[in-house]
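In what follows, a structure is listed as structure tokens, so that the remarks can point back to it.
The values are calculated or read from the model by the stated rules, or taken from the named source; none is laboratory data. Bear in mind the structure is a predicted one, so any value in this text is a computation, not a measurement. Because the Cβ atoms are built from the backbone with ideal geometry, glycine has one as well, and the counts that use them run over all protein chains shown. These area figures cover heavy atoms from the full protein model, side chains too; ligands, DNA and RNA do not enter into them. Shrake-Rupley method; radii C 1.70, N 1.55, O 1.52, S 1.80 Å.
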Amino acid sequence: MTSYVIRGANILGETVNDITIEDGVITAIGTGLEGDETIDATGLVALPGLVDLHTHVREPGREDAETVLTGSKAAARGGFTCVHAMANTDPVADTAGVVEQVWRLGREGGYCDVQPVGAVTIGLGGSRLAELGAMADSAAGVRVFSDDGKCVSDAVIMRRALEYVKAFDGVIAQHAQEPRLTEGAQMNEGPLSGELGLTGWPAVAEEAIIARDVLLAEHVGSRLHVCHLSTRGSVEIIRWAKGRGIDVTAEVTPHHLLLSDDLVRSYDPIYKVNPPLRSNDDVAAVREGLADGTIDIVATDHAPHPMEDKECEWSAAAFGMLGLETALSVVQQTMVDTGLLTWAQVADKMSAKPASIGRVRDQGRPLEAGEPANIVLVDPAATRVIDARDTASLSRNNPYAGLTLPGEVVATFLRGRPTVRDRALVEGVTV
């Protein structure tokens, strides 16, 4: 394998040094280092490869929207070296066979580690537990389980799942949505939903499930992770639970950090997502929660959809939006450029902590000698106008199209192999 020297990188935005890579490992950090190939990183910030705890790759079943390979390429372009693939595929990832298929497809693609998320219940049906132990013992080594897209609304099933995963240090990642409170919901409930005539999705539907589940997690002594938290009340409940010592973690998406329900005035289904875009006050609250550590991580909820599922009337459109290739730019704009986070804290919330929650041992590691060479180089001074057509994804449902965002991924290394170089995807990557 070719050895590389990354010359003059600003490591975590704190110190400028060279980084040498050989045989998939960081071999040295210092000055005047040498390698077979030199990458000029002057002005670039070096971060550990990003880890996404919440990605939809659609394979198996909806390869028209995304495949493991195209999702992996989009991830690499966004600076990710590991993504967790959600279980709402067809067939559902509720058996060892399906999760192993997804895991192997990721390995064969070579652009990004794809760690499957197992379903909590059979077929996402909410009534019977899936083969949690078999998925945990499979080659994929599943440790995160979620019915994302559907809430595990039955308290008894949720309790049993929390108890079950304790045996292998797993975590239940809950899509917090009380189904009876959100029947037919189309957007955030508030004055605007009434004005637009769209059925509202109330904040309490999210908050009630989170409140119930943190108490269940405390009762059984298990790990709980809250997916795509979106309201001020949810932040306050997580803050309370952590103060009580409950083992709960939470994520926020880039779109909930930047976009608000004002955009729904356009009736453009590109902004239709679950949970919905919330109020400006909620946006401020989730930024504050991420900054003070109440919210642990940023996760993309990358949700590709084919054109026909989005270019239609609002009520018929699918929920979801792309996120992998723009996540770091959105976080820079909302959190770094505003002074709420440093680059070192971004590395913690987009690499180290998601890897820890998912129990992925060789990802999210520090940029130090002897560690795996999973590295992303970012140009924080760059700006780019987002073009929905400029993507590795098979889908185009990008809510940031036309916006100018800061920052650009210049290079991504997965175990010492460049998957992105000179701001472009490296074609023909081999395992």
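Here are a few things to note about the model shown:
- The condition (being in contact (Cβ under 8 Å) with a residue 24 or more places away in the chain, in a helix (DSSP H, G or I), open to solvent by 10 Å² or more (accessible area, probe 1.4 Å) and farther than 28 Å from G49 by Cα) is satisfied by just one residue among A161, A134: A134.
- Residue within segment 293-305 that is more than 21 Å from H175 (Cβ to Cβ), open to solvent by less than 20 Å² (accessible area, probe 1.4 Å) and either outside any helix (DSSP H, G or I) or among the basic types (K, R) (or both) present: no
- Cβ pairs under 8 Å, 6+ apart, first in segment 325-348 and of a type in the set (G, A, S), second part of a helix (DSSP H, G or I): A327/P254; A327/M350
- Filter result (outside any loop (DSSP other than H, G, I, E, B) and more than 18 Å from V376 (Cβ to Cβ)) within segment 39-69: H54, V68, L69
- Restricted to segment 419-431, and to residues there that are closer than 13 Å to K73 by Cβ and not aliphatic (A, V, I, L, M), the residue that is modelled with the highest pLDDT is T419.
- Here is the figure for segment 319-361: residues that are acidic (D, E) and under 13 Å from the mean Cα position of the chain (by Cα) total 1.
- Qualifying residues in segment 235-267 (those that are within 24 Å of R359 (Cβ to Cβ) and in a helix (DSSP H, G or I)) - the one most open to solvent (accessible area, probe 1.4 Å): K242
- Residue among A85, A96 that is aliphatic (A, V, I, L, M) and within 17 Å of the chain's Cα centre (by Cα): A85
- If you filter segment 140-158 down to residues that are under 16 Å from A208 (Cα atoms) and either open to solvent by 40 Å² or more (accessible area, probe 1.4 Å) or of a type in the set (D, E, K, R) (or both), you find that the one that is nearest to the chain's Cα centre (by Cα) is K150.
- For segment 308-318, filtered to residues that are over 23 Å from H54 (Cα atoms) and of a type in the set (D, E), the residue that is farthest from the chain's Cα centre (by Cα) is E313.
- Residue that is nearest to V117 (Cα to Cα), among those in segment 339-361 that are outside any helix (DSSP H, G or I) and open to solvent by 60 Å² or more (accessible area, probe 1.4 Å): R359
- Any hit, segment 24-46, residues being under 20 Å from the mean Cα position of the chain (by Cα) and open to solvent by less than 10 Å² (accessible area, probe 1.4 Å): yes
- D387 over 24 Å from V264 (Cα atoms), free of Cβ contacts under 8 Å to residues at least 60 places away in the same chain and among the charged types (D, E, K, R): no
- Restricted to segment 164-177, and to residues there that are crowded, with 17+ Cβ neighbours inside 10 Å and not small (G, A, S), the residue that is farthest from I246 (Cα to Cα) is Q177.
- Complete set of residues in segment 12-37 that are hydrophobic (A, V, I, L, M, F, W, C) and touching a helix residue (DSSP H, G or I) at 6+ places or on another chain (Cβ under 9 Å): L12
- Evaluated against (1) of a type in the set (G, A, S); (2) within 25 Å of R265 (Cα to Cα); (3) in contact with a Lys or Arg (Cβ under 6 Å, 6 or more places away or on another chain); (4) open to solvent by 10 Å² or more (accessible area, probe 1.4 Å), A392 falls short on exactly one condition, (2).
- Positions within segment 70-103 being among the hydrophobic types (A, V, I, L, M, F, W, C), in a helix (DSSP H, G or I) and within 13 Å of A140 (Cα to Cα), in sequence order: A96, V98, V99, V102, W103
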